[in-house]
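The values are calculated or read from the model by the stated rules, or taken from the named source; none is laboratory data. Model, not experiment: these values are computed from the prediction. Glycine gets a Cβ as well: all are built from the backbone with ideal geometry, and neighbour counts include every protein chain shown.
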Amino acid sequence: MGCYLRQAPYLCSMKEKQLDFGDERPRDMAQYLQYVRENRHPLSLLLDHVEDTRNLGAMFRLADAARLEHIWALGKPGLFESKIIRRVSRSTLPYVPHSTISYEKARELSRQYNLVALEITENSIPYTEYEPEAPCLLVIGNEKDGVSDELLGLCRQSIHIPMYGVNTSMNVAMATAIAVYGLLAKLPK
């Protein structure tokens with residue numbers, strides 16, 4: 001087994017068997033944090049009034065794990081100021097760039113990013129068939145109502161996760177994780 005971030009030679013190497021949590025930690029945490037800040041994937045999230053604090057915390061954990069560029073969120077000011085979000089996110093808020101924005105700012109972002117909605121629509125395609133272009137902004141809808149029509153109008157494409165069971169939906173954080181890693185696999189390195 002090699003180091004878990006092969007591009008970062010200053011990280012300690014992993015042993016055949018992890019002896020404790022510290023085995024995978026970088027030797028120089030300040031240098032590692034700088035590396036993370038400067039080497040984000042060209043993929044961000046735009047959350048359309050995602051309000052459940054557990055889902056928001058999970059989004060931060062995902063954004064940290066996948067080294068996403070930014071979390072943009074439509075919602076009330078102070079949306080991220082919650083002990084539950086900090087706990088569920090495992091304190092990743094300081095490491096993940098994030099902002100609460102207005103629809104006007106979302107329209108601005110649509111001129112800077114390739115917006116794609118994770119939403120089943122008449123024209124959506126399976127996420128596995130979508131070929132993303134960087135920089136990409138994945139639009140995630142509210143737990144109850146999905147992506148608003150206003151934001152769908154800004155998106156170049158809608159993608160969905162095929163559902164093979166009886167239920168026709170899944171948790172928004174789980175669906176986002178599936179789509180994020182599917183897009184990361186296809187985005188230019």
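Entry remark, region 140-188: residues being in a loop (DSSP other than H, G, I, E, B) and either surrounded by 15 or more Cβ atoms within 10 Å (Cβ to Cβ) or not hydroxyl-bearing (Ser, Thr, Tyr) (or both) number 20 in total. Of the candidates 140, 178, the single residue that is in contact with a strand residue (DSSP E or B) (Cβ under 8 Å, 6 or more places away or on another chain), in the same structural domain as residue 119 (by TED's automatic domain parsing) and of a type in the set (Val, Ile, Thr) is 140. Inside region 25-41, residues that are over 16 Å from residue 70 (Cα atoms), surrounded by 11 or more Cβ atoms within 10 Å (Cβ to Cβ) and among the charged types (D, E, K, R) make up a count of 2.
Looking at the structure I just gave you, is residue 122 surrounded by 12 or more Cβ atoms within 10 Å (Cβ to Cβ) and either assigned by TED's automatic domain parsing to the domain that holds residue 54 or among the charged types (D, E, K, R) (or both)? It is false that residue 122 is surrounded by 12 or more Cβ atoms within 10 Å (Cβ to Cβ) and either assigned by TED's automatic domain parsing to the domain that holds residue 54 or among the charged types (D, E, K, R) (or both).
Restricting the first member to region 80-102 and to residues that are touching a residue at least 60 places away in the same chain (Cβ under 8 Å), and the second to residues that are assigned to a helix (DSSP H, G or I) and among the acidic types (Asp, Glu), the beta-carbon pairs closer than 7 Å and six or more apart or on different chains are 95/64. The conditions of being farther than 16 Å from residue 137 by Cα, in a loop (DSSP other than H, G, I, E, B) and in contact with a helix residue (DSSP H, G or I) (Cβ under 8 Å, 6 or more places away or on another chain) are met by residue 79.
When you scan region 108-115, do you find a residue that is surrounded by fewer than 16 Cβ atoms within 10 Å (Cβ to Cβ), under 19 Å from residue 172 (Cα atoms), in contact (Cβ under 8 Å) with a residue 40 or more places away in the chain and not charged (D, E, K, R), even just one? No, every residue in region 108-115 fails to be surrounded by fewer than 16 Cβ atoms within 10 Å (Cβ to Cβ), under 19 Å from residue 172 (Cα atoms), in contact (Cβ under 8 Å) with a residue 40 or more places away in the chain and not charged (D, E, K, R).
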